[in-house]
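Note sheet for the following structure.
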Amino acid sequence: MRATESRVEFGLSGLFALLISGTLAYVHSLFEPLMPTARLWSWTGAMALVTGLMIVLPLMFFRRRPDAVEIARVWSPIGKVVAVLYDLAVAASVWVLLPYASEPLQLLMVIFYCAAISGQVIATAESIGTITFGVIAVFGSAALFFLNSETIYATSLAIFLLAFGGMMIGTALVLKRAIRSAVRQGLRAEAISQDLALALAETEAERDMRTRFIAAASHDLRQPLQAAILYFGQLQRANDPDRRARAEEGVERGLEEAMVMLEGMAEHLRLESGTLVADCRPVALDEVFSALALELAPAARRAGIDLRFARTARVVLADPALLTRILRNLVTNALVHSRGQRVRVLVRTRERIAIMVIDDGVGIAAESAPSMFLPYTQGTGAQRLGYGSGLGLAIASEMAHMMEGGLVLDARWASGCAFVLDLPAAAQPMTAARRGAACEPQFRLSGQEILLVEDRPDTRESLALQLRQHGAIVTAFGGSGEVAAALAEGLRPAAVITDWHLGPADSGAAVVAMVRAHVPEARIVVISGDATIATEREVAATGCRLLLKPASEPALLAAIAGVEGRR
């Protein structure tokens, strides 16, 4: 702020000095016929030197453009010295010039003195000390001169000069506050402008990042979908059973890869926005391992890999959903990318609990290892199979940190890969009853009556067919109005699957409310293609399980079988 004030002072001082130079020439011409030449020129020379400094210094100042530190250390003190020299030169004129002046000329000089101090107040209002010195030096000298003179108005002039000097000091104080307030507002506006520019730059950078994200997502999603389309064409044309089986496997693998990528991208956006929050509590590892073993067994069989999870009684402090996502990602990566024969999930206990996902495949090149946990980073060479978004490990690492854990690649593992998830241990022990419960069968849809509500006919028909293939008795509707009529006629489903957005004037919330009113014990699963946090919160408020489209068959079956009715 002081530097800004000094810049204003130097600018005004330069302009004020130009006015002084003209006044000096005029005063010299007035006194030239009245007093000795040498005496006049000695004063005029001194005054001209000070005036020259007042003109040259601002020019040097604005040409150099010093920073705030240099202004405070060098230029501000120099400016005060020049102001004091100016006051001394003007005060000297009282004793050098006025003795030779007539009364009218003395009154004219009083006007010049008032103008000189007024100009100094305007130009250097911040330097109250310098202004006070000038008032005392100039007006004090003039008042003392007039009090010792024999003019008629000597006393009146002396009192006027002292009063005017006091008023100039008061004016300087007011002006200082006004200038400081204006400078403060200016600096605040400049800071706001800089913050706004920074915010706009960050917004543009974020927009560019999102654009690159969408472009990368579009490119990566096209690969498995293109493969699935090509395999589907082969499936339609193939007559040989082996070729049909390979084509079916290709279609399934391509669609699964696309679903994994969609889930990863949604989680990446949620992590970036801060909407994904860890809800850590004691989690029995054996329960998580059992569920994942059942879910990933088909993928392991297709890959020809022996997948085994260790039996353990350990309990970790973690968010069960995030823990499951991390382990699913690590194991899926091993099944898809390792090209090995075995994948093992082991547990090691030290001060904390280390969960190890180990394979005996091609491994990861040493030059790729340091960047494996960065977004959009994929392996190179042998371990890259040509698909994947490069988000999985980055997301898993972020989730591990959210649970006060860590995820690293163990470089000591020579054959294949070994990823180590480190988590804090929980004090709550795992009981035998809970271990037994983890091994109970989960999918029991045969004979159950399921209500399906989906407004898209193709999705409704395919999902109903899928559920019927598992032995379920499916009643399918397109909106809540049909559901209300069926419930009124006595429909009592054991489980309900409903889309959340059923149309412009319909919602899954209405379906949930109707079912809860008629069949409170029914299990309800909500499916939606809307991954926004608003929808997630709306569904969470109902106590229902939310699955994002496209939902895999294992995930859907697990949700139907494992979700309790009203939470």
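Bridge orientation summary for segment 449-562: considering DSSP beta bridges with both residues in this region, about 10 percent are antiparallel. Couplings 3J(HN,Hα) of segment 39-44, computed from phi: 5, 5, 5, 5, 6, 4 Hz, in residue order, whole Hz [Karplus 6.51 cos²θ - 1.76 cosθ + 1.60, θ = phi - 60°; x for Gly and Pro].
Each of Y26, Y100 was scored by other Cβ atoms within 10 Å of its Cβ. Listed from fewest to most, they are Y26, Y100. What the phi angles of segment 155-161 give under the Karplus curve with 6.51, -1.76 and 1.60, with θ = phi - 60°, is a coupling list of 5, 4, 5, 5, 5, 4, 5 Hz, glycine and proline written as x. Close amide H partners of S507, meaning residues 5 or more places away or on another chain with modelled amide H under 5 Å apart, are S480, L502. Between V408 and A293, the modelled labels are 2.9 nm apart [label points 7 Å from Cα along Cα→Cβ].
No value in this document is a laboratory result; all are computed from the given coordinates. In this text, all values refer to a predicted model and were calculated from it rather than measured experimentally. Cβ sites come from the backbone with ideal geometry, for glycine too, and all protein chains shown count toward neighbours.
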